[in-house]
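The values are calculated or read from the model by the stated rules, or taken from the named source; none is laboratory data. Everything numeric in this text was worked out from a predicted model, so none of it was measured. Because the Cβ atoms are built from the backbone with ideal geometry, glycine has one as well, and the counts that use them run over all protein chains shown.
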Ligand SMILES: [Zn+2]
């Protein structure tokens with residue numbers, strides 16, 4: 001494979017991780033590990049901006065959540081960088097980082113200028129590294145609803161620094177949904193039923209994990 005071919009692959013992987021949901025292996029308190037579905041790095045970063053609250057900054061008390069300024073800085077770096085890259089290939093789309101990066105992914109991977117391709121590859125890989133380091137450990141895709149089996153809504157789990165953080169009890173994984181409180185598991189085939197019980201709509205396309213490289 002040529003150097004350019006290798007760089008194209010790196011760009012596809014980096015931008016894929018930035019804009020598409022993925023999987024992450026997370027260690028449980030008892031030392032066991034499980035694979036969870038996680039939102040795209042950019043969506044995890046957006047959640048971190050509001051300290052894990054929903055994008056409207058609501059919390060149960062109705063008071064706006066404080067902003068995480070490190071997350072804001074990181075998001076701003078990606079925002080301006082993505083715009084810089086996208087406009088290099090005559091971007092005329094809407095102002096959404098995901099759309100800009102999808103455009104860059106297509107254009108950079110057919111660009112024949114080694115300097116440009118290598119710039120995109122190293123910059124996007126750098127963003128993945130910075131966001132990944134910031135989000136360590138990654139947040140699983142959670143359902144903010146009480147577990148239908150035990151009624152628990154949130155549990156406390158240690159973060160990378162050992163500090164206990166409150167997370168939703170219901171976490172989604174490629175194997176299904178698991179309650180971190182009572183360990184009850186619903187297979188993926190039961191998601192629709194579970195969603196009906198919880199009265200929610202799934203926003204994530206869980207079929208992505210079927211895709212080949
Ligand atoms: Zn439960």
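Quick notes on this structure:
- Scanning the stretch 92-108 for residues that are surrounded by 15 or more Cβ atoms within 10 Å (Cβ to Cβ) and in contact with a helix residue (DSSP H, G or I) (Cβ under 6 Å, 6 or more places away or on another chain) yields a count of 8.
- In the set 162, 176, only one residue is at pLDDT below 80 and within 15 Å of the ligand (Cβ to nearest atom); that residue is 176.
- Filtering the stretch 114-151 to residues that are at negative phi and either in a strand (DSSP E or B) or within 16 Å of the ligand (Cβ to nearest atom) (or both) leaves 140, 142, 143, 144, 145, 146, 147, 148, 149, 150.
- Filter result for residue 84 (more than 16 Å from the ligand (Cβ to nearest atom), without any contact (Cβ under 8 Å) to a residue 24 or more places away in the chain and surrounded by fewer than 15 Cβ atoms within 10 Å (Cβ to Cβ)): yes
- Unmet requirement for residue 111, which otherwise passes all of (1) in contact with a helix residue (DSSP H, G or I) (Cβ under 7 Å, 6 or more places away or on another chain); (2) in a loop (DSSP other than H, G, I, E, B); (3) surrounded by fewer than 18 Cβ atoms within 10 Å (Cβ to Cβ): (3)
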